[in-house]
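The values are calculated or read from the model by the stated rules, or taken from the named source; none is laboratory data. These numbers come from a predicted model, not from an experiment. Methodologically, a virtual Cβ is constructed for each residue, glycine included, from the backbone with ideal geometry; neighbour enumeration extends over all protein chains shown. In case anyone asks, the SASA skips ligands and DNA or RNA and just uses the protein heavy atoms, side chains included. Shrake-Rupley method; radii C 1.70, N 1.55, O 1.52, S 1.80 Å.
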Amino acid sequence: MMEMKCPYCNSEMEKGEINQDRYALKWKSEKKGAKSVKLTSILTQTYVDAYLCRNCNKIIIDVDSVEE
């Protein structure tokens, strides 16, 4: 597995995937038992702001701005 470093602080990043369940879009870790991060909610926020770098093909999402 390829190690990914944070472009801002150089810490190791955790690999996961973004998928949609019945009610929300979530980021889910590959690690078993790890808590998922809700990105959207069908009731309060149907989108999430994200920033794309077309040069390095990375998308950055600030999860602090997501309503829980």
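Among 9-20, 36-47, the peptide with the highest mean count of other Cβ atoms within 10 Å heads the list, and the full ranking is 36-47, 9-20. Count Lys and Arg as plus one, Asp and Glu as minus one, and take only other residues whose Cβ is under 14 Å from that of MET13; the net charge is then -1.
Applied to segment 19-29, the Karplus parametrisation 6.51 cos²θ - 1.76 cosθ + 1.60 on θ = phi - 60° returns per-residue 3J(HN,Hα) values of 9, 10, 9, 5, 10, 8, 8, 9, 9, 10, 6 Hz, with x for Gly and Pro.
Accessible surface for the chain, divided over its residues, is 90 Å² per residue with a 1.4 Å probe.
Each principal axis of the chain carries a Cα extent, and these read 35, 29, 18 Å when sorted largest first.
The share of accessible area on the chain that comes from carbon and sulfur is 50 percent, using a 1.4 angstrom probe. Measuring only protein heavy atoms, the 1.4 Å probe finds GLU30 accessible over about 100 Å².
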